Amino acid sequence: MKEDYTPFYQTVIENIKTIMKLKGLFQVDLAEYAEIDESVMSKILRYQTTMSLDKLSKIASGFQMREIDIISYPDILVASDGSRDPIEAILQIKLRKDKKDQVLRLIFGDNNIEILNK
């Protein structure tokens, strides 16, 4: 029955199987992510039924990946500007007042230190 599906669909299913194995997950985990019965997931993985984009999106969320990264696996696609999803980081360091001023001056320059100390 695999022959009845497009090469694109086959690639997506094979990528899902590969990622599932690499993450140490089981068919039951995929079914839970996709919010479907395990028997339906079994049929999807054996090419006996198709999967909707909604289910792919739910599986991607369970994998903590983007849908496009499952489709293009093992390649990770990036935007034309070279960026991926924005990364936010918060760093907290406790410093004495004199060291704090030095660090802020290093990061923001002399002009912005007055604003930060208000």
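Every number in this text was worked out from the coordinates using simple rules, so none of it is lab data. Since we're looking at a predicted model, the values are computed, not measured. Using ideal geometry, Cβ is built from the backbone for each residue, glycine included, and neighbour counts are taken over all protein chains shown.
Take the range 21-39 and flag every residue that is closer than 23 Å to residue 8 by Cβ and outside any loop (DSSP other than H, G, I, E, B).
Within the range 21-39, 21, 22, 27, 30, 31, 33, 34 meet the criteria.
State all residues of the range 44-66 that are exposed (fewer than 13 other Cβ atoms within 10 Å of the Cβ) and not hydroxyl-bearing (Ser, Thr, Tyr); if no residue qualifies, say none.
Selection gives 46, 48, 53, 54, 64.
Name every residue in the range 1-43 that is surrounded by 12 or more Cβ atoms within 10 Å (Cβ to Cβ) and closer than 13 Å to residue 71 by Cβ, in order of residue number.
9, 10, 11, 12, 13, 14, 15, 16, 18, 19 - these are the residues of the range 1-43 that are surrounded by 12 or more Cβ atoms within 10 Å (Cβ to Cβ) and closer than 13 Å to residue 71 by Cβ.
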